[in-house]
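Written below as structure tokens is the structure these notes are about.
The values are calculated or read from the model by the stated rules, or taken from the named source; none is laboratory data. Given the structure is predicted, the values throughout are model-derived calculations rather than measurements. Cβ: placed from backbone, ideal geometry, glycine included. Neighbour counts: every protein chain shown. The accessibility values were calculated without ligands, DNA or RNA, using every heavy atom of the protein model including side chains. Shrake-Rupley method; radii C 1.70, N 1.55, O 1.52, S 1.80 Å.
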Amino acid sequence: MPVLQTAPHPFGEDASALESTVARLRADVRELQRSLHARSAELAGADAHITRLEEKILKLKEAQRELKRLKREQHALRKSPERRIGQLLLAPFRLLQHATSLFRAPPKRGTTEYQAWLDRHRPSPQDLETMRSESRAFSFQPLISVITPVFNTPVEWLEQTVDSVLAQAYENWELLLIDDASRNGATLNFLSQIQQRDSRIRLIQREKNGGISAASNDGLTQARGEWIGLLDHDDLLEPDALFQTAKLLQSNPDIDLVYSDEDKLTEDGFASPALKPDWSPDFFLSYNYVCHFATFRRALAQEVGGFRSEFDGSQDYDLFLRMIEKRDRIRHVPLVLYHWRKTDSSVADNIRRKPGALEAGREAIKSHFERVGQRADVTVDWRTHAYVVRRDLKVAQKISIITTARDSIEALKKNIAYPNFEIVTVDLAVNYNLAVQQADSPWILFLGDRIEPIDTEWLSLMAEHVQRSEVGAVGARLISSNNTIDHAGVVVGVDGIAQPAFRGFPAEDPGVCRQLQITRNCSAVSGACLLTRREVFQEVGGFDEQLPGALANVDLCLKMRRAGYLIVYTPFAKLYHHASGAEHKIDSHSTNIIRERWAGILDRDPYYSPNLSRERADFSLGN
């Protein structure tokens, strides 16, 4: 049988080349538009931040003027004859007051809620002795090399740092103090004698100051341990810090990076705890929440090239980003094992103390995306000093918006800048599965009624995440009519079954550890605005129609998590949700199904620390 052949196009290869060029130019235009939008948003945020700072400066100037006025009045009063007469009359009473004060006990420093909580959760001396005995029986006892660069450190602080290592319950460690050419005489004198205290302490002296990355690399090169721990020269470790890593390795010998919770060490004690989630890759791209206390395999750190001086200030962040590109075997120890000293010049006090650190962090994220071959813009959110990542949308796939909002379709269309969508209306949310079958779009957005977009970019912002193969669903920041949070992700296991994160917080509040205003992972998002891919939705079996209401959305997301997908919350997609109280009610039948089906995860939401409240999902301190 003869084979029919199509005559070639009269313009042949030229036409194909032209089409390819046009497609490339369109992609470049989209990239430039996205970059412009991201930069414009950053500039707007910076402008608002500057305005707030100017207002604070004006208030400060007013306060200074008032202080000068009061000082003038005080000076005038001191010279007045009335004051001199008063001093003569009060002299006998002041003598009696002074004598009484000699026998009065000094006032006690108040114990904060967090300090009391920490005291309850820290290991006792008996616990530490048990840990010491237990670790001596470990089948695997890796040498952990603690690297501590030193530069003109106040001796009192440096000695406390060293003492915190000497107090470790796990005994197979070495402490490498890398002196980065200190000039302070007291510091140098202390270092010259420190090795006599314990043979596990090693001093490495650099002839020339090179910065924290150069000093850390010297430690990395000379370390003998298979595992590395990072300890700043004025911070403190809890006595079980190294034990917790070693213990974890007994049952998880293949992990590469371990991180713990931390807090701040202030003049008044411990404060500002960072009670972290388990590994959350999107959270990590918002800022280095891993931070302290981190231990990791020395071989992996060396494989990726160690620390890089051009990222000083965020050198750990840059190192961790390169490490997770190679391996993602990461574990979290939900215990406060590190105390980060808060000083006037420390990033622990405020990232603005070292603005170079903020820029170095941004560059670290940009370099990460370049290495993995993804196009993205990285900007700073000046309200929170966290990072905003805008990913290149490779293809604007068609999105079927499935909604019960029949009365607001035209208004909805006017508030969507995304170029490729259709709107499919259904009578009831229980018909969502059928609507997905009848729609032909590769991406599906479930949108409740009484939803009102705040700007036109919300769907594009969500699409940037749903295109990622590792993501199952994306949720937005939903704001109530009174400008408080209605939904910012869902925490499971709180208040029995599940509860929206940060509900009732002011819409622009940063939230605990800035988590309300950053892109992060969570166990579920609200079905009132949920974007997914058709293939993922069908893979997990869609909605369970036995579960009407909010729990059907939770169940869908948990099925996606079980299948290995991430759930992403983005605060930058903002919509009003004029919800009724009835939408927040959960029937007992649905509750029982969820309890039976997801008992394990209800006991421990990986994106919500077990140290936080189990009564409300506000990220407040637990019991």
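Touching a residue at least 12 places away in the same chain (Cβ under 8 Å), basic (Lys, Arg) and crowded, with 21+ Cβ neighbours inside 10 Å: is that true of Arg503 in this structure?
Numbers: touching a residue at least 12 places away in the same chain (Cβ under 8 Å): yes; basic (Lys, Arg): yes; crowded, with 21+ Cβ neighbours inside 10 Å: no.
No.
Among the residues of region 304-312, are any within 14 Å of Lys326 (Cβ to Cβ) and surrounded by 22 or more Cβ atoms within 10 Å (Cβ to Cβ)?
At the first step, the residues of region 304-312 found to be within 14 Å of Lys326 (Cβ to Cβ) are 304-306.
Filter once more, so that each one left must be surrounded by 22 or more Cβ atoms within 10 Å (Cβ to Cβ): none.
Looking through region 304-312, none of the residues is within 14 Å of Lys326 (Cβ to Cβ) and surrounded by 22 or more Cβ atoms within 10 Å (Cβ to Cβ).
What's the number of the condition Pro548 fails, among (1) farther than 22 Å from Pro442 by Cβ; (2) part of a loop (DSSP other than H, G, I, E, B); (3) open to solvent by less than 10 Å² (accessible area, probe 1.4 Å)?
(3)
Under 6 Å between Cβ atoms, which residue pairs at least 6 apart in sequence (or on different chains) link something in region 442-471 that is of a type in the set (Lys, Arg) with a partner that is open to solvent by 20 Å² or more (accessible area, probe 1.4 Å)?
From residues that are of a type in the set (Lys, Arg), the pairs are Arg450/His578.
Matching residues to (1) over 20 Å from the mean Cα position of the chain (by Cα); (2) within 16 Å of Ala579 (Cα to Cα); (3) charged (D, E, K, R):
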residue	(1), (2), (3)
Gly448	yes, yes, no
Val466	yes, no, no
Ala473	no, no, no
Val494	yes, no, no
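Could you say which residue among Glu508, Glu452 is under 30 Å from Asn623 (Cα atoms) and of a type in the set (Asp, Glu)? So that I can check it myself, show each step before the final result.
Values: Glu452 fails: under 30 Å from Asn623 (Cα atoms).
That would be Glu508, the only listed residue that is under 30 Å from Asn623 (Cα atoms) and of a type in the set (Asp, Glu).
Return only the number of the condition from (1) assigned to a strand (DSSP E or B); (2) within 25 Å of Leu220 (Cβ to Cβ); (3) of a type outside the set (Val, Ile, Thr); (4) open to solvent by 30 Å² or more (accessible area, probe 1.4 Å) that Ala299 does not satisfy.
Just one mismatch for Ala299, condition (1).
Going through region 473-489 one residue at a time, which ones are open to solvent by 10 Å² or more (accessible area, probe 1.4 Å), in contact with a Phe, Trp or Tyr (Cβ under 8 Å, 6 or more places away or on another chain) and in contact (Cβ under 8 Å) with a residue 24 or more places away in the chain? Break it down stepwise before answering.
Initially, region 473-489 is screened for residues open to solvent by 10 Å² or more (accessible area, probe 1.4 Å), giving 480-484, 487.
With the extra rule that they be in contact with a Phe, Trp or Tyr (Cβ under 8 Å, 6 or more places away or on another chain), the set shrinks to 480-481, 484.
Ser480, Ser481 - these are the residues of region 473-489 that are open to solvent by 10 Å² or more (accessible area, probe 1.4 Å), in contact with a Phe, Trp or Tyr (Cβ under 8 Å, 6 or more places away or on another chain) and in contact (Cβ under 8 Å) with a residue 24 or more places away in the chain.
State whether one or more residues within region 425-433 are part of a strand (DSSP E or B), open to solvent by 20 Å² or more (accessible area, probe 1.4 Å) and at pLDDT below 95. Don't jump to the end; show me each part of the working.
Of all residues in region 425-433, those part of a strand (DSSP E or B) come to 425.
From what is left, the residues that are open to solvent by 20 Å² or more (accessible area, probe 1.4 Å) are 425.
Remaining after also requiring at pLDDT below 95: 425.
Yes, region 425-433 contains at least one residue that is part of a strand (DSSP E or B), open to solvent by 20 Å² or more (accessible area, probe 1.4 Å) and at pLDDT below 95.
Take Asp605 and tell me if it is open to solvent by less than 20 Å² (accessible area, probe 1.4 Å), modelled with pLDDT of 95 or more, among the charged types (D, E, K, R) and not in a loop (DSSP other than H, G, I, E, B). If you could, list the steps in order and put the result at the bottom.
Details: open to solvent by less than 20 Å² (accessible area, probe 1.4 Å): yes; modelled with pLDDT of 95 or more: yes; among the charged types (D, E, K, R): yes; not in a loop (DSSP other than H, G, I, E, B): no.
When the stated conditions are applied, Asp605 does not pass them.
What is the number of the single condition among (1) open to solvent by 40 Å² or more (accessible area, probe 1.4 Å); (2) among the β-branched types (Val, Ile, Thr); (3) at pLDDT 95 or above that Ile586 does not meet?
(3)
Going by the structure shown, is Ala579 in contact with a strand residue (DSSP E or B) (Cβ under 7 Å, 6 or more places away or on another chain), surrounded by fewer than 21 Cβ atoms within 10 Å (Cβ to Cβ) and more than 30 Å from Ala116 (Cβ to Cβ)?
On the way: in contact with a strand residue (DSSP E or B) (Cβ under 7 Å, 6 or more places away or on another chain): yes; surrounded by fewer than 21 Cβ atoms within 10 Å (Cβ to Cβ): yes; more than 30 Å from Ala116 (Cβ to Cβ): yes.
Here the answer is yes, as Ala579 does meet what is asked.
Of all residues in region 432-461 being of a type in the set (Val, Ile, Thr) and touching a strand residue (DSSP E or B) at 6+ places or on another chain (Cβ under 9 Å), which is nearest to Gln374 (Cα to Cα)?
Taking region 432-461 first, the residues of a type in the set (Val, Ile, Thr) are 436, 444, 451, 454, 456.
From what's left, touching a strand residue (DSSP E or B) at 6+ places or on another chain (Cβ under 9 Å): 436, 444, 451, 454.
Numbers: Val436: 30, Ile444: 24, Ile451: 32, Ile454: 29 Å.
Among them, the one singled out is Ile444.
Looking at Glu422, Glu470, Glu464 in this structure, which one is at pLDDT 95 or above, open to solvent by 60 Å² or more (accessible area, probe 1.4 Å), under 30 Å from Gln374 (Cβ atoms) and touching a strand residue (DSSP E or B) at 6+ places or on another chain (Cβ under 8 Å)?
On the way: Glu422 fails: open to solvent by 60 Å² or more (accessible area, probe 1.4 Å); Glu464 fails: open to solvent by 60 Å² or more (accessible area, probe 1.4 Å).
The match here is Glu470.
Yes/no matrix, rows are residues, columns are (1) under 19 Å from Leu412 (Cα atoms); (2) in contact with a His (Cβ under 8 Å, 6 or more places away or on another chain):
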position: Glu422; (1), (2): yes, no
position: Val426; (1), (2): yes, no
position: Gln438; (1), (2): no, no
position: Asp449; (1), (2): yes, no
position: Ser460; (1), (2): yes, no
position: Ala473; (1), (2): no, no
position: Ser480; (1), (2): yes, yes
position: His487; (1), (2): no, yes
position: Gly493; (1), (2): no, no
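For region 254-284, which positions are small (Gly, Ala, Ser), within 27 Å of Ile601 (Cα to Cα) and either surrounded by fewer than 19 Cβ atoms within 10 Å (Cβ to Cβ) or touching an Asp or Glu at 6+ places or on another chain (Cβ under 9 Å) (or both)?
Pass one, region 254-284, residues small (Gly, Ala, Ser): 260, 269, 271-272, 274, 280.
Now restrict to residues that are within 27 Å of Ile601 (Cα to Cα): 260, 274, 280.
Answer for region 254-284, where residues must be small (Gly, Ala, Ser), within 27 Å of Ile601 (Cα to Cα) and either surrounded by fewer than 19 Cβ atoms within 10 Å (Cβ to Cβ) or touching an Asp or Glu at 6+ places or on another chain (Cβ under 9 Å) (or both): Ser260, Ala274.
Show me the helices (runs of 4 or more DSSP H) found entirely inside region 153-253 where at least 2 residues are free of Cβ contacts under 8 Å to residues at least 24 places away in the same chain, of a type outside the set (A, V, I, L, M) and surrounded by fewer than 18 Cβ atoms within 10 Å (Cβ to Cβ).
Details: elements: 155-166, 185-194, 212-222, 241-251.
Fully inside region 153-253 and qualifying: 155-166, 185-194.
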